[in-house]
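Bear in mind these aren't lab numbers, they're just calculated from the coordinates by the rules spelled out. Predicted, not measured: the structure shown is a model, and the values here were computed from it. Here Cβ is always computed from backbone atoms with ideal geometry, including for glycine, and neighbour counts include all displayed protein chains.
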Number of protein chains: 4
Amino acid sequence: MLGEAGKKIHTGRSRNDQIIAAIRLYSRSFLLDFQRDSLNLAQALLDFAGENTSMPMPGRTHMQLAMPSSVGLWAGAFIEEILDDLSLIAAVYDLNNMSPLGSAASYGVALPIDRQQVAEALGFRKVQNNVLYVNNSRGKIEAVILDAVEKVMLTLSKIAQDIILFSMPEFGYFTLPDDICRGSSIMPQKKNPDILELVRARAASVSAMCLQIKSIIRALPSGYNADFQETKPAFIRGVDTALSCVRVMGLTVSKLQVNEEKLIAGFLPEIFATDRVVELVGRGIPFRDAYRQVAAELHKIEDKDPYEAIRQKVHAGATGNLGLEMSAGRVREFGARLQEESKSVEQKISLLAGSGVKLFNL
Amino acid sequence: MLGEAGKKIHTGRSRNDQIIAAIRLYSRSFLLDFQRDSLNLAQALLDFAGENTSMPMPGRTHMQLAMPSSVGLWAGAFIEEILDDLSLIAAVYDLNNMSPLGSAASYGVALPIDRQQVAEALGFRKVQNNVLYVNNSRGKIEAVILDAVEKVMLTLSKIAQDIILFSMPEFGYFTLPDDICRGSSIMPQKKNPDILELVRARAASVSAMCLQIKSIIRALPSGYNADFQETKPAFIRGVDTALSCVRVMGLTVSKLQVNEEKLIAGFLPEIFATDRVVELVGRGIPFRDAYRQVAAELHKIEDKDPYEAIRQKVHAGATGNLGLEMSAGRVREFGARLQEESKSVEQKISLLAGSGVKLFNL
Amino acid sequence: MLGEAGKKIHTGRSRNDQIIAAIRLYSRSFLLDFQRDSLNLAQALLDFAGENTSMPMPGRTHMQLAMPSSVGLWAGAFIEEILDDLSLIAAVYDLNNMSPLGSAASYGVALPIDRQQVAEALGFRKVQNNVLYVNNSRGKIEAVILDAVEKVMLTLSKIAQDIILFSMPEFGYFTLPDDICRGSSIMPQKKNPDILELVRARAASVSAMCLQIKSIIRALPSGYNADFQETKPAFIRGVDTALSCVRVMGLTVSKLQVNEEKLIAGFLPEIFATDRVVELVGRGIPFRDAYRQVAAELHKIEDKDPYEAIRQKVHAGATGNLGLEMSAGRVREFGARLQEESKSVEQKISLLAGSGVKLFNL
Amino acid sequence: MLGEAGKKIHTGRSRNDQIIAAIRLYSRSFLLDFQRDSLNLAQALLDFAGENTSMPMPGRTHMQLAMPSSVGLWAGAFIEEILDDLSLIAAVYDLNNMSPLGSAASYGVALPIDRQQVAEALGFRKVQNNVLYVNNSRGKIEAVILDAVEKVMLTLSKIAQDIILFSMPEFGYFTLPDDICRGSSIMPQKKNPDILELVRARAASVSAMCLQIKSIIRALPSGYNADFQETKPAFIRGVDTALSCVRVMGLTVSKLQVNEEKLIAGFLPEIFATDRVVELVGRGIPFRDAYRQVAAELHKIEDKDPYEAIRQKVHAGATGNLGLEMSAGRVREFGARLQEESKSVEQKISLLAGSGVKLFNL
């Protein structure tokens, strides 16, 4: 598999550094795919937010009605969260992209091997220098990767929970596409959001797998220990789970239906109370006085126009000024860098292997 | 506390974004200190490695004797690990350094507030745009920070475990400074490595605190939920614990005594077996044959010179070519960037508060 | 504090077994209180279920409408869950109630001490025999206790989540007592279920504290290690948290208001689909055929009587046959055993200390 | 598979209660096997302790030399720990052994099914009454089981760590049987304790799987949620892992070789310091004075006889009075109860299935 370069490292290897190299290459391939799929989800959210920029949606705190919000604000929040998650993934990508080859079983070899050349041939950013550190980092780099991936899973768990809630008949804000729902064996009327519930559950699973890896390696003495073996299934399972979840969420968002009537029906008068307070403040009444006045006369809040309520908040990041174009720019920029790196890696591997190697299916 | 800028945001605030801002400023202050103290530890390890570059040390895998190693290689491994840990902390620092102010209770305010100006006054890198995202990121940014900090704790747990092991009477490689040891209430002879055992235990504690935060926020619906409150004690406890551990480890390393006689005594003949195999390979014998030959005649391995054994491995990152100057360069560079950022933040805060504000004691 | 018995163990002690003894006594006191408060919650649920035995409530799966249920069934589920949780606590109580005294620093003493007498004086069930096991079990028994307590927290987290959901304006099934709600700093209309959100979050916290203890002690070598110290704050924090949560939940349930009108309004026709299938089955139509027939004509399901729907399920444990009297019997029986044990422990301690010692406030 | 009884529950079932029933039967079968294998390990330890009752072994605290101990005390500690672990497993066995059948999809059925009869036919201890509780307990009972199993894993992790340490060449107390060791791909001299390192690592894995299940179910609303599905692989993996670990440890202990010479060589004079203090106390010198006197003259401690030192500690649970016969009695008693239960369960299942059903291989 390693071709000409492979011969050069022939006697300067051990099972240890070969396995570490294999995991690094696997992880790099995964991270390239995972970033691309996360960007696809960000793009699906961008499209969705763009179509629903001025679609009112009851805003909540404590799950109770709070203030007027919009579907655009809701989706926009997740776009920015994913982009921030991706900034961590990018840092982690670099950390993973170091060549362990030549470190042998933690203590190098008494041969004048050229570790730099092997690193370059495999498209690694640099040689991971200290040979003991290479072996000490087994499991650690995997933990670093999966912990970053877990942050995306946390984002997905919130999207899933929101959609599950808002597609309950009592809300009906969203309708789920049929192909991510399942029926019941005894209840003929059911259309259950199974896939989203699984995403929610799998966010917990990925966290547990992160923990598993870190618990295994914590306080192990220096040098290779067989405990490292036990980190591999947890890592593979973790990245597989995350990849399928981010893909299914992209699909879900791209097919999510918005029910305007139900959203508007959710605007009970009390949701305008804070806007009313701010209105009074605008007329010169001190905030605390305005608050008390509105609190005392909650029943008097006249029904206001939800569309108007979300248009009138125009500062940065508010419903009337979402800044979606800023997010779109970040998605484009990140995507361009990602494509460049993918191409460069592919070229290196093709050079060695004769053709491209796909580790993860489309 | 926020001075002139404070007046501008007077009615565009809520408890929510104020608390988030306070946590961000606290975290920034912590991260500056934590990076400095981690660099101090890296420097202590550099000094230690420099003094012991050619000091032989039995290298282990599976905790069993493996191949010749050196005290320099051992310490050098941790320097590079900490520097890599710090590259994550730096990414996390940027993510934290966004201004949440003006997002109010997740849905902004119907007033033309200038979020950018407030952000600049407080030295934030930028405004965290989407107002719902700001509130959704409560606990999340804390988790991101503590997860990065946990990586340093994993490094510390390994250093601690190694030193505890190697200062047992059966090894005696290292002697611990008296001021990090304690006696026993009933055993007059005892000098126990309590502090290192606590570092080892606290690495597990910090991991648990990371998990706590992430478990609390996972699958919470959008918008503020009171659950967020419960993330604060775990976060504060986590960063405090980590800061004290990295400091105490710096102290330990700077006072660690190396016992050459004991180290050399640890070189039982079998430790040279692999070197012998490679020697035979050098003479043209295929690796597997050489391996079998040495395995069959283990008792015949003549005692070799440990000093020579570690000198003769000269490829990148091996005992005869540690690359400490490379690590020293990275420490200097990171330190310079850190000092610049610290100064810049301090200036902003002094401008607002009249004087510098110290959140963490020296 | 240990009186006459204390003198006997004077030179047969060490800090180690004294601290373990103190933790065991603390834990025993906690477990007695925790069991009592959990029973109080079970009793509050029993009263609540008794008052609402035939109060219809939409039953859900996947958070979607499923089949007719009742408030009595809902509350009854938690009573049985708590009683099962308590059966574990009882087993754990016995495990904790062993005397560690006389084990010294893991290796006993060369004096003919009478460990049995000390154990009896302190009301311990028996001597924990092997002196090394005593010290190896530091942290372990705490983990066993907190893990059992965590099971009650899991039960509380579900009660909390249900009540939070069902008190949202879109459901309105329950109204929360004012004294467990809080307002908002900027939204005058808000009445937020803060306390229940905190219970939900604290269930995650207690799990993290369990994990912390177990992570600290895992794979520690035999004998005392200073790591054990680090288990204490996690344990204390865990039991304190759990005790306050079970108490606040007892208060919440005892004051929870049920809104019949809202509950009945939740019975959309589709909820009767499965009952309709079973009705057809009763007329001799095979289940799958009946299922398909109802599925094809969901819109035709006539509105049925929710009260009748829950009355007609009469097999064991169904809405028409809750078996509350069985649960009431278990509560009484458990309560009686608990009171007897409490009294017996109190007598022993009073004998030693001159008066009763209260570790946890009422 | 369920025979005559199966026909009776034909229309009173759903996927939900059938899956729960399958998991309960699987768990019961596992628990019977796991208890038997844990008892086998306890028996292997008993045999080992019996053979080494008066074999001296340096006792440690903080991994440093502490006081004289024995191989018998060391092994005896684990016997008692496993027996206490098993007392929890027994409580958990009862909790699992309840019949969920007839609860359908959480809300029962409008048919007069006889849940008691089905429960008896399958050998369940009783009907799990409340039909909503049955479904709410999905994942919960699995968590309860795996948490109890994890306690045994914690015990195994300590045994593994001790044996790994004490078979290092620097100690050499124990020699591992060849069939649980592996060699190295490049180091011909290596005999690594891979299997014990894997047991150590897998203790962390099982803890992570416990956490995974509990994280998934925490704060889920009442009734079936698809999240439950995700608990199954974690549970199956957890119990499989634990079963293989307890078996391999039984094998290891039964073949462990003890090296008397090395054990005696470990008795450096300082290990007798505490015994010397107690001796002085016996002559009337106050403890603190004796402690200071010995501390001041550590170098003067004459070499004592390790055999004598462990013989002279005769109080309950000390080296001279291990109480192994007490443990042997508990093993026999537990084994008898277990065999009776196994036979009774097997009879029930044979009656239904025509023959016994083995879920776990021998």
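In table form, for the structure just shown:
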{"quantity": "Per-residue ³J(HN,Hα) for segment D:143-152, Karplus 6.51 cos²θ - 1.76 cosθ + 1.60, θ = phi - 60°, Hz, x for Gly and Pro", "calculated": "5, 4, 5, 5, 5, 5, 4, 4, 5, 5"}
{"quantity": "Rounded, prolate or oblate (a/c below 1.5 giving rounded, otherwise prolate when a/b exceeds b/c) for segment C:216-275 by Cα gyration tensor", "calculated": "oblate"}
{"quantity": "Euclidean distance of C-alpha centroids, segment A:270-303 and segment B:282-352, integer Å", "calculated": "67"}
{"quantity": "Choice from D:Asn40, D:Asn259, D:Asn97 with maximal GNM fluctuation in chain D (Cα, 10 Å cutoff)", "calculated": "D:Asn259"}
{"quantity": "For A:230-240, mean number of other protein chain Cβ atoms within 10 Å", "calculated": "2"}
{"quantity": "Residue (of A:Asn321, A:Ala295, A:Phe334) at the positive-pole extreme of segment A:272-344, dipole from beta-carbon charges", "calculated": "A:Phe334"}
{"quantity": "Modelled FRET efficiency - R0 30 Å, B:Ile264 with D:Leu251, Cβ distances, 0.05 increments", "calculated": "0.20"}
{"quantity": "Nm distances between copies for C:Tyr307, ranked from closest, using label points 7 Å along Cα→Cβ", "calculated": "4.5, 8.9, 10.0"}
{"quantity": "Cβ-based exposure ranking for D:Met168, C:Met63, in which fewest neighbours within 10 Å come first", "calculated": "D:Met168, C:Met63"}
{"quantity": "Relative contact order computed over chain B (Cα-Cα under 8 Å; 6+ residues apart), in percent", "calculated": "25"}
{"quantity": "Relative pair counts by distance (%), Cα atoms of segment A:229-362, 10 Å bins", "calculated": "9, 18, 24, 16, 15, 11, 6, 1"}
{"quantity": "Values of log10 I(q)/I(0), in the order q = 0.08 Å⁻¹, for the protein assembly as shown under a Debye, Cα-only, solvent-free model", "calculated": "-1.06"}
{"quantity": "Alpha-carbon centroid distance for the pair segment A:236-258 / segment A:83-97, whole angstrom", "calculated": "19"}
{"quantity": "Innermost chain D residue relative to the axis carrying D onto A, by Cβ distance in angstrom", "calculated": "D:Ala208, 3"}
{"quantity": "Ranked A:Met326, C:Met57, criterion: other C-beta atoms within 10 Å, fewest first", "calculated": "A:Met326, C:Met57"}
{"quantity": "Sequence ranges A:311-322, C:18-29, ranked by mean other-Cβ count within 10 angstrom, highest first", "calculated": "A:311-322, C:18-29"}
{"quantity": "Relative contact order for segment A:56-161, counting Cα pairs under 8 Å that sit 6 or more residues apart, in percent", "calculated": "26"}
{"quantity": "Other protein chain Cβ atoms within 10 Å, averaged over every residue that makes up A:274-287", "calculated": "3"}
{"quantity": "³J(HN,Hα) computed for each position of segment B:269-281 - Karplus, 6.51 cos²θ - 1.76 cosθ + 1.60, integer Hz, glycine/proline x", "calculated": "x, 3, 5, 8, 4, 5, 4, 5, 4, 5, 4, 4, 4"}
{"quantity": "For A:Glu51, inter-copy label distances in nm, listed shortest first [label point 7 Å out on the Cα-Cβ vector]", "calculated": "4.8, 6.8, 7.3"}
{"quantity": "Estimated vicinal HN-Hα couplings, Hz - segment C:30-37 in sequence order (Karplus 6.51, -1.76, 1.60; Gly, Pro = x)", "calculated": "4, 5, 5, 5, 5, 5, 4, 5"}
{"quantity": "Fewest-first sequence of A:Ser185, C:Ser69 by Cβ atoms within 10 Å of each Cβ", "calculated": "A:Ser185, C:Ser69"}
{"quantity": "Other-chain or far-sequence residues with amide H under 5 Å of B:Ala66's (modelled H)", "calculated": "B:Gly59, B:Arg60, B:Thr61"}
{"quantity": "DSSP beta bridge pairing in chain B, given as percent antiparallel to the nearest 5", "calculated": "80"}
{"quantity": "Reduced Cα scattering model of chain C, Debye log10 I(q)/I(0), q = 0.08, 0.10, 0.12, 0.14 Å⁻¹", "calculated": "-0.53, -0.74, -0.93, -1.12"}
{"quantity": "Inter-copy separations for B:Gln117, label at 7 Å along Cα-Cβ, nm, ascending", "calculated": "6.3, 8.2, 8.2"}
